[in-house]
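Participant: Right, I'll just put the structure down here and ask away after.
The values are calculated or read from the model by the stated rules, or taken from the named source; none is laboratory data. Small disclaimer: the values here were computed from a predicted structure and weren't measured. Cβ: placed from backbone, ideal geometry, glycine included. Neighbour counts: every protein chain shown. Side chains included, ligands, DNA and RNA excluded: accessible areas come from the protein's heavy atoms. Shrake-Rupley method; radii C 1.70, N 1.55, O 1.52, S 1.80 Å.
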Amino acid sequence: MSGPDAFVIPVRGVGGRAGDRRAGGGGSGPPASVRPLSAAVSAAGLALLAAAASGTLIGRRPARAGEAELAAGAPVALAEGDLLVRPRVAFGAGVYLVAWQEGWPGLNGTADISAARVEAGSFKPLDSAPVKVCGAPESQSRPAVAAGADVFLVVWQDFRNGKDYDVRGAIVDARTGKIRVPDFEIAARQRNQARPAAAWTGRHFVAVWQEARGRDAYGVAGVRVSAEGKVLDSEPILYAEAGHSPAVRVSAGKVLVAWSDGQTASGCMADAETGKPLKSVGAKGKMNTRCPNDISLADDGQGNFMAVSARESFPNPWGWPGPGAVLCSRVNADGSAPEENVNYGYYLSDVCGRRVPNVVDTATWGNTDRWHAGAPGGFKGTADGMWPYGKPAVAWDGRGTWLFAWVKGKILPDRLNLAEYEIWLRGMDAKTLAVTLKDRKLAGGAGNEAKDPAIEAGPAGEFLLAYESAPAGGKMRIEAIGLRAK
Amino acid sequence: MGRKISPAAGGRPSLRAVLAGMAAATVAAAAAGIGGAAETQIRYVDDIDQWRAEIFAGAANAGGQLEGPALEAGFSHAGSLCFVPSGEAYFATEGVIFHISKEGTFRFFAGIPGTYGCADGPVEKATLGRQISICPDGKDGFYIGDRSNRCIRRLRRGDGGKWLVETVAGDPAKPEWKGKPADGAGKEAVFKYLHSNVIADAQGVAYIMDNNFLRRVSPEGRVETLNPQGGPGKPDDGPLESAKFNLIMGGGMCFGADGCIYVADRWNHCIRKVDLAAKQVTVAVGPGVGFRDGPEKNCGFHDSPGYIVYDPYRKRFNTNGVDDWGLRVWQNGEMRTIAGGNTRNERCMEEPAKDSRLGWCGVYAVHPLPPHEIYFWSGHGWTNRIGRLYRPSDRKGVEGR
């Protein structure tokens, strides 16, 4: 039977949190019948809980009429250690590969990149021990991973020269889990090249990163990398003169490169064959204008993309930094960006009031629907005492719903800090952005913080969610939870 | 001396023209757009035309914490910066301490990037709060004023020379004090709100403003409130024991050459002098409002003074108001402006210092090696950067500059 860590996420067809005007009965959202995940899951009726480690059926209960469900297995620890952070996941050749940073990346420190495979369907770990992707001297950190035909490309930022970051990568065999091409240079010029990401076009990988340009600013560049670990471009391809923290995704032969630029989440479409930029997304290259941090991308396999990003402010006794928020932004197959011109109002009040369509989560000013920065009496807290910290991720369920995961923290009494981080999940309709999967906590909380989720779709409506877990007084873990829409 | 110029004198060219060639100028300009009705009165330092502002560190758009060369380093909060005699620097910001080599390479030195907490131990396992300040502890280590955790931490070398973090005083598990501070040793002591920065003397005794109380922390972690009969109130001169301050998010402090502590008493709009030997507290500068230079008893800060650093090489203090649009110098009984000051500055950061647009700025520290540049932070185009002031003539013949 289901253990204490196994749970069912009930989803009402008209779900959504209180105050969400696009969700819930009587709201302006579409009827439940047009919400694909809800409809599909309603038809299934039952929740199927998979025990991740054993793959056995561990729980069933009848679904109530009109209720859809997403089943979640028990968390599986892929690794345990003093400092394990930033898991990233990709799916290919029937397996998920989760890669993470292990160790501390500072002066006289050592951080390495490790990875482990998880079997699709059963969500069973396939490797008896994680594979060391790179254990070079100094620090290797912030990994990203992309799935090719039967390999994975793992990329990371590398400080082995003790002066600046380079971008390096390794090829992991999907079927054996072994390193097929060890540790090779992708971008190793002077100055910083950092925060890489990668995607597979069907013929080669595209690896992107932020690199120091000009005297004191970053831009976004990339190269193509073959499945054999060969860098195919002698000179990096420039995607943005100004930008940082890029993400890249491929869908139906279309390549989206996205990045943060000041207050803006920006992007361009690139040619899948050459890797070269084709045109900016939207009219001005923007996906959204106020929520630029930690962009994560997913695609529907038809050339349409979803970007989710965060506004990573912290609480403040007077509310000056504004609300923390997680917003989603679509990029359609034709390159249009429906959320590029959304106006979020003074101090993002229209985000707080959820008067704009693309809010995944937001901090609120008490029970009000506006943000009252600097108001007499100051900021007393949010309605539920929680604050969206960000670190969002997104995946496509194959049936019309984008599935979002992100981090929320409990606001501490000083109204400056957060703790007891949790990972939450929400589903939103691809066409209307209506809530199809009501917000639910998946992991974390008091005594066992969970942060930095990564989520990737596997076959037939299943997902793997990976995250870092920090039990109080215990060692950190990289954990994974299998999710399945029924 | 300068002269007053009406803001109605017009746009930037005429203003600049009038100022050109003047050793010191007084500019009267309504602080339009800044929110203050108080008259602005600027008197630049005599050698203002020699001072330059430049970016020392921080990329404009690093996107969070990054190691690397100074101009490519990433950080997103002003934090706290201190130097050691060798010229190396330590920068405390958002849960980590960066080490900055003499060559300007930023490396994580303590704390876990992206993780906040109060775990003691080796620097690679220890966690720090988000809002932290740092200063040398006089014993080859550092104190960390950990506002987020309401405690004083220390960085020191442990067995084998490995650096570790330990909590000296305070207990994050305890709620903040109410009414009066709780003194005692180590975890017995309770803090409430640690202001801008911790300082320490050569004997390793630390001082910090906690709410409106001046707390002293011995190297062994015993905490004593020096103004137990104090609290919030007006800046009356008198005994230290009953001295009152009016601090909300301010309280920068430093030692002067006289061994006294100088506190930016933000909402009393003045600089206070705490004479530890005589146990007396007096008003040293102000009180006064508005960005007004002039005699120390007839000058002011727009909003309120937030930070103060003593420059032992030039024998003067660097200070400023929290949302002043310039950096100030206090010397020989006068307040002067050394950078910024003109709200019409908007072109470029790296300019002659008086032409650089500053705002919501503050001074960190003075470099211990010649040419003793003055390090600062600021809003506007300086966000996510560390700036410094220097005179080109001082760099001549100085290696590495």
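Participant: Any residue that is modelled with pLDDT of 95 or more, basic (Lys, Arg), touching a strand residue (DSSP E or B) at 6+ places or on another chain (Cβ under 8 Å) and open to solvent by 20 Å² or more (accessible area, probe 1.4 Å) - is there at least one of those in the stretch A:407-414?
Facilitator: So far as the stretch A:407-414 goes, yes, one or more of its residues are modelled with pLDDT of 95 or more, basic (Lys, Arg), touching a strand residue (DSSP E or B) at 6+ places or on another chain (Cβ under 8 Å) and open to solvent by 20 Å² or more (accessible area, probe 1.4 Å).
Participant: So which residues in the stretch B:383-394 are closer than 21 Å to B:Asp49 by Cα and open to solvent by less than 40 Å² (accessible area, probe 1.4 Å)?
Facilitator: Matches in the stretch B:383-394: B:Gly387, B:Arg388, B:Leu389, B:Tyr390.
Participant: Related question: Output the residues belonging to the stretch A:252-282 that are aliphatic (A, V, I, L, M), within 22 Å of the chain's Cα centre (by Cα) and surrounded by fewer than 24 Cβ atoms within 10 Å (Cβ to Cβ).
Facilitator: Answer for the stretch A:252-282, where residues must be aliphatic (A, V, I, L, M), within 22 Å of the chain's Cα centre (by Cα) and surrounded by fewer than 24 Cβ atoms within 10 Å (Cβ to Cβ): A:Ala252, A:Met269.
Participant: One residue is enough: does the stretch A:172-188 have a residue meeting the conditions within 14 Å of chain B (Cβ to nearest Cβ) and open to solvent by 20 Å² or more (accessible area, probe 1.4 Å)? Show your work before the answer.
Facilitator: The initial filter retains those residues of the stretch A:172-188 that are within 14 Å of chain B (Cβ to nearest Cβ), namely A:187-188.
So of that shortlist, the ones also open to solvent by 20 Å² or more (accessible area, probe 1.4 Å) come out as A:188.
Yes, the conditions are met somewhere in the stretch A:172-188.
Participant: Continuing with the same structure: Which residues, taken from the stretch B:51-64, are at the interface with another protein chain (Cβ under 9 Å from one of its Cβ atoms) and either open to solvent by 30 Å² or more (accessible area, probe 1.4 Å) or closer than 23 Å to B:Leu155 by Cα (or both)?
Facilitator: Once the filter is applied, which keeps residues that are at the interface with another protein chain (Cβ under 9 Å from one of its Cβ atoms) and either open to solvent by 30 Å² or more (accessible area, probe 1.4 Å) or closer than 23 Å to B:Leu155 by Cα (or both), the stretch B:51-64 yields B:Ala60, B:Gly63.
Participant: On to the next question. Consider the stretch A:261-291. How many of its residues are away from chain B (no Cβ under 14 Å) and either modelled with pLDDT under 95 or assigned to a loop (DSSP other than H, G, I, E, B) (or both)?
Facilitator: Residues meeting the conditions: 13.
Participant: Of the residues that make up the stretch A:428-437, is at least one touching a residue at least 60 places away in the same chain (Cβ under 8 Å), within 14 Å of another protein chain (Cβ to nearest Cβ) and polar (S, T, N, Q)?
Facilitator: no
Participant: Step by step: first the residues of the stretch B:123-149, then only those that are more than 8 Å from chain A (Cβ to nearest Cβ) and more than 16 Å from B:Ser80 (Cβ to Cβ), then the one that is nearest to the chain's Cα centre (by Cα). Which residue is that?
Facilitator: B:Gly138
Participant: All but one of (1) polar (S, T, N, Q); (2) open to solvent by 10 Å² or more (accessible area, probe 1.4 Å); (3) touching a residue at least 40 places away in the same chain (Cβ under 8 Å); (4) touching a Ser or Thr at 6+ places or on another chain (Cβ under 7 Å) hold for A:Asn448; state the number of the condition that does not hold.
Facilitator: With respect to (1) polar (S, T, N, Q); (2) open to solvent by 10 Å² or more (accessible area, probe 1.4 Å); (3) touching a residue at least 40 places away in the same chain (Cβ under 8 Å); (4) touching a Ser or Thr at 6+ places or on another chain (Cβ under 7 Å), A:Asn448 is out only on (3).
Participant: Take the residues in the stretch A:102-137 that are within 10 Å of chain B (Cβ to nearest Cβ) and crowded, with 19+ Cβ neighbours inside 10 Å; name whichever of them is nearest to A:Arg477 (Cα to Cα). Spell out how you get there, then give the answer.
Facilitator: From the stretch A:102-137, those within 10 Å of chain B (Cβ to nearest Cβ) are A:103-111; that's our starting set.
From what is left, the residues that are crowded, with 19+ Cβ neighbours inside 10 Å are A:103-107, A:109, A:111.
On the way: A:Gly103: 12, A:Trp104: 15, A:Pro105: 18, A:Gly106: 20, A:Leu107: 24, A:Gly109: 20, A:Ala111: 15 Å.
Per the stated criteria, the residue is A:Gly103.
Participant: Please go through the stretch A:357-383 and pick out each residue that is under 30 Å from A:Glu462 (Cα atoms) and modelled with pLDDT under 95.
Facilitator: Of the residues in the stretch A:357-383, the ones under 30 Å from A:Glu462 (Cα atoms) are A:357-363.
A:Pro357, the sole residue that qualifies.
Participant: What is the residue count in the stretch A:292-346 for residues that are surrounded by 24 or more Cβ atoms within 10 Å (Cβ to Cβ), over 21 Å from A:Gly381 (Cα atoms), within 14 Å of chain B (Cβ to nearest Cβ) and not small (Gly, Ala, Ser)?
Facilitator: 3
Participant: Residue check: is B:Val366 open to solvent by 10 Å² or more (accessible area, probe 1.4 Å) and not aromatic (Phe, Trp, Tyr)?
Facilitator: Here the answer is yes, as B:Val366 does meet what is asked.
Participant: Something else about it: Say whether the condition of being at the interface with another protein chain (Cβ under 10 Å from one of its Cβ atoms), without any contact (Cβ under 8 Å) to a residue 60 or more places away in the chain, in a strand (DSSP E or B) and at positive phi is met by at least one residue in the stretch B:65-85.
Facilitator: Yes, that holds for at least one residue.
Participant: Determine which member of the set A:Glu422, A:Glu456 is over 26 Å from A:Pro321 (Cα atoms) and either buried (at least 21 other Cβ atoms within 10 Å of the Cβ) or of a type in the set (Phe, Trp, Tyr) (or both).
Facilitator: Sole residue among the options that is over 26 Å from A:Pro321 (Cα atoms) and either buried (at least 21 other Cβ atoms within 10 Å of the Cβ) or of a type in the set (Phe, Trp, Tyr) (or both): A:Glu456.
Participant: Please work out which one of (1) of a type in the set (A, V, I, L, M); (2) at pLDDT below 95; (3) part of a strand (DSSP E or B) is the condition B:Leu358 fails and give its number.
Facilitator: Going through (1) of a type in the set (A, V, I, L, M); (2) at pLDDT below 95; (3) part of a strand (DSSP E or B) one by one, B:Leu358 breaks only (3).
Participant: Out of the residues in the stretch A:122-171 that are of a type in the set (Lys, Arg) and part of a loop (DSSP other than H, G, I, E, B), state the one that is farthest from the chain's Cα centre (by Cα).
Facilitator: So, considering only residues that are of a type in the set (Lys, Arg) and part of a loop (DSSP other than H, G, I, E, B), the one farthest from the chain's Cα centre (by Cα) is A:Lys163.
Participant: Also: Are any residues in the stretch A:61-86 buried (at least 24 other Cβ atoms within 10 Å of the Cβ), within 14 Å of chain B (Cβ to nearest Cβ) and modelled with pLDDT under 95, and if so, which ones?
Facilitator: none
Participant: Something else: Take the stretch B:86-102 and flag every residue that is in contact (Cβ under 8 Å) with a residue 12 or more places away in the chain, facing another protein chain (nearest Cβ under 10 Å) and open to solvent by 10 Å² or more (accessible area, probe 1.4 Å).
Facilitator: Answer for the stretch B:86-102, where residues must be in contact (Cβ under 8 Å) with a residue 12 or more places away in the chain, facing another protein chain (nearest Cβ under 10 Å) and open to solvent by 10 Å² or more (accessible area, probe 1.4 Å): B:Glu94, B:Ser101.
Participant: Every residue in the stretch A:292-308 that is assigned to a loop (DSSP other than H, G, I, E, B) and modelled with pLDDT of 95 or more, please.
Facilitator: Within the stretch A:292-308, A:Asp300, A:Gly301, A:Gln302, A:Gly303, A:Asn304 meet the criteria.
Participant: Could you say whether any residue in the stretch B:278-289 is in contact with a Cys (Cβ under 6 Å, 6 or more places away or on another chain), under 21 Å from B:Leu81 (Cα atoms) and open to solvent by less than 40 Å² (accessible area, probe 1.4 Å)?
Facilitator: no
Participant: B:Arg147 fails exactly one of the following numbered conditions: (1) over 12 Å from B:Arg216 (Cα atoms); (2) open to solvent by less than 30 Å² (accessible area, probe 1.4 Å). What is the number of that condition?
Facilitator: Failed condition: (2).
Participant: Which of the residues that make up the stretch A:385-420 are within 14 Å of another protein chain (Cβ to nearest Cβ) and assigned to a loop (DSSP other than H, G, I, E, B)?
Facilitator: Quick first cut of the stretch A:385-420, residues within 14 Å of another protein chain (Cβ to nearest Cβ) only: A:387, A:389-391, A:407, A:409-420.
If the condition is that a residue be within 14 Å of another protein chain (Cβ to nearest Cβ) and assigned to a loop (DSSP other than H, G, I, E, B), then A:Leu412, A:Pro413, A:Asp414, A:Arg415, A:Leu416, A:Asn417 are the ones that fit.
Participant: Also, quick follow-up: Among the residues of the stretch B:104-122, write down those that are under 23 Å from the mean Cα position of the chain (by Cα) and more than 9 Å from chain A (Cβ to nearest Cβ).
Facilitator: B:Gly104, B:Phe106
Participant: Of everything in the stretch A:347-367, what is out of contact with any Pro (no Cβ under 6 Å at 6 or more places or on another chain), part of a strand (DSSP E or B) and open to solvent by less than 10 Å² (accessible area, probe 1.4 Å)? Give them in sequence order.
Facilitator: A:Val359, A:Val360, listed by residue number.
Participant: Filter the stretch B:167-210 for residues that are open to solvent by 40 Å² or more (accessible area, probe 1.4 Å), more than 11 Å from B:Val223 (Cβ to Cβ) and out of contact with any Cys (no Cβ under 9 Å at 6 or more places or on another chain) and give the result. Can you show your working first?
Facilitator: Here is the first cut: in the stretch B:167-210, the residues open to solvent by 40 Å² or more (accessible area, probe 1.4 Å) are B:167, B:172-176, B:178-180, B:183, B:187-188, B:192-193, B:202-203.
Imposing the further condition that a residue be more than 11 Å from B:Val223 (Cβ to Cβ) reduces the set to B:167, B:172-176, B:178-180, B:192-193, B:202-203.
The answer is B:Lys174, B:Pro175, B:Glu176, B:Lys178, B:Gly179, B:Lys180, B:Lys192, B:Tyr193, B:Ala202, B:Gln203.
Participant: Taking only the stretch B:165-212 into account, find how many residues are in contact with a Phe, Trp or Tyr (Cβ under 7 Å, 6 or more places away or on another chain), in a loop (DSSP other than H, G, I, E, B) and away from every other protein chain (no Cβ under 14 Å).
Facilitator: 5
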